[in-house]
Structure formats: structure tokens, C-alpha cells
Amino acid sequence: MPELPEVETTARGLQKRVAGDTIEFVWIGNKTNFLKSPAEEVVRTLTGATIECVRRVGKHLVIDLHTNETPAKSKRSHARKTGSAKTRTQKSVSANSTAVSVAAENSQAQWIIHLGMTGRVLVCDPADPPAKHTHLVAELASGRQLRFVDPRRFGRVQVAAGSAFQAPGSEPIGADRGEFATLFHRSKAPIKSALLNQKLLSGVGNIYADESLFRAGLRPRRRANSLTRAELQRLYNALQEVLAEAILAGGSSISDYVDSSGEAGYFQLQHRVYGREGEPCLACKTPTKRIVIAGRSSHYCPKCQK
DNA sequence: ACTATTTCCTGGATGC
DNA sequence: TGCATCCAGGAAATAG
């Protein structure tokens, strides 16, 4: 299940393999509820676009494109979208005061993919048999294909004009310590819920939330605003550590391991609490507990975590 | 203005 | 063996 480290690993792999390539043709399947932008807008934006860069923004995969789309068309279609998209449009437009930079902005577009629970982006040979639940195929000038596969369709695909896509919250990696503390100081929600709230930090999912809380010695039900300065510091350190280790594990595998369907192999970080209900805590042997917070499984050691 | 719960989805695991 | 039921979870929608 892709969280920040997996998305980072995927982004690096894709950057390495498809940057500089051009999308020549786009196919979209029958089930289109994974699209956040209208299908025709996705097709229009992607077709003929050159992939400049693939990167991670929060839990989103962002593919920066150079397009041939005309400014007028791009603006009108973009304006149909919902609140947050409008805000971004306004931002990106207002940031460009001269006509020249507006024109430059409009030859840029972004293909934004959220992998949800089961989403994957594969680099395939056209001869590779399509995986079940393949919802979008982009044929590349190099002769290869990018395929979006997602059985559960929790993943989301959208396109946007410009290059200003932002995640709803702060970037967890290298977040400022003070800012990190401020984010959680205001929230009365359980710290576990606050960690999962993408409007605070973008990119932390269920597994790494549990792992961070375990390393920080904090119970998931603790109210975020009850954490002391020292506890927030421990949580900050734990989160940085967990994410860095997970990316390292993924990063070491991506360079030399890509399976037959072009999928990067995730060598996941060894979980210390996640999914270990009833098993002895690795530090003190107390059986690991599992509770449900905000509808999510939360694992913790009742002795080590206060 | 909050937080908490439900809903969307399918495949794999479990139970009878 | 086969069928029904449950469970996993990111994030939007809905409820409290």
C-alpha cells in the first residue's frame, strides 16, 4: 500500500525511465470514476505532451509536462473544477504578471496521480499482456507504455494547467521543527488521526503513523494538543527516521530491481508494531495491542507507549 | 468550526 | 468445495 516512501520510490523510478519521453496516444477504460478531471481533458492534455519530470508531492505522483495546448482552452477547462483547484489556478495566474510568463505557464501542465491503496504505474512493453484493472494507458514515443492499474479504484488521476500543484498540507520530510509542533498544537484529535490528516502533513499513512508513534513512545489515542514539547520533538525525530529509512530501503531496490511488468520492487521497512497484534513488543515483549481510531487499525505497545 | 463515522472498491482470508 | 461475510485503507462525503 503506497505511502510517502513508496510514492517517492515510484517517482524516482519513473523519472529515471520516462523523463524526456513524449506521450503520443492515450487510452482510457470504461470505468472512469478514478478520473478527477474530465476524460477528454485528460486525453487532450496528455496527448503530445513531453514528460519533463516525475516527482512526489505529498502522497501524489506529479508528472510535469510540456504541452502544445493553447492558453485559452486550458484556462476554460480548468475553471470548471472545484474549490481547491480554483485556488491553485488563481495563485498560478496571479503569480505571473507579464504576458510572456503567462504564455510560458500555459505550455506547462501536470499529470497528477494518487495511487490510493492499490494503484500502480507501470512502464510496459506493448506486448506485455495488460493487467486486470488497467484503466489508463499512455503510449510513448519510445515505443513503451505507461499503464495505470488499480483494482480498487481508490487511486485518482487528474490533469492541471501550469506547474503549481500543491499537496493540501506540509511536506513531512525536512519539515521545520517549529512548524511541525504548531501543526499539532491546535488539534484536539488523537495524535494518530492528526498524523493521518493530510491537511496537516501530506504523506503520512497508517503504517508509518503507527511506526512513528511506537518509536516516539506515544499512544495513538493521546490528544495531539496534550503532547509536550519534548514529546513532539520525539515524534518529529521518529517520523523523519521512519520515512528516511523507508525511502532508503525503496531507493536501494529501485536502481537494480524492476519486475517483468516494469514495476519497481518495494522492499518495505521492517514493521515494529504495524500488523503485529498479539505478538510480543520487540522492546519489552508485552503483547502488541490493536485498537481502531477513526476507522483505522492502530497498533501499539501498551507498556512502551504512554 | 470541530472531530468522528461512513462510503467508495476489489481481492484475499476466514468461517460454516 | 463453495458460498457468504469480513477486512484492508486514502480521502471525500456525511454525520454528529
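Efficiency by 1/(1 + (r/R0)^6): what FRET value for A:GLU277 and A:ALA127, r their Cβ-Cβ distance, R0 = 45 Å, to the nearest 0.05? FRET efficiency, A:GLU277 to A:ALA127: 0.55. For A:GLY119, neighbours were defined as the other residues whose beta-carbon sits under 9 Å from its Cβ, and their charges (Lys and Arg +1, Asp and Glu -1) total +3. You can think of it this way: the chain between A:ARG153 and A:GLU241 has 28.6 nm of extra reach, that is 0.36 nm per residue less the Cα-Cα gap. Shown is the FRET efficiency for A:CYS53 and A:CYS284, computed with R0 = 45 Å from the Cβ-Cβ distance and rounded to the nearest 0.05: 0.45.
Backbone geometry of region A:133-142 corresponds, through the Karplus equation with coefficients 6.51, -1.76 and 1.60 at θ = phi - 60°, to 3J(HN,Hα) couplings of 6, 7, 9, 8, 10, 10, 7, 9, 4, 6 Hz, x marking Gly and Pro.
Our summary gives region A:1-72 a relative contact order of 37 percent, counting only alpha carbon pairs under 8 angstrom and 6 or more residues apart.
Read-outs: derived from the displayed coordinates by stated rules, not from any lab. No experiment lies behind these values; they were computed from the predicted model shown. FYI the Cβ positions are ideal-geometry reconstructions off the backbone, even for glycines, and counts take in every protein chain you see.
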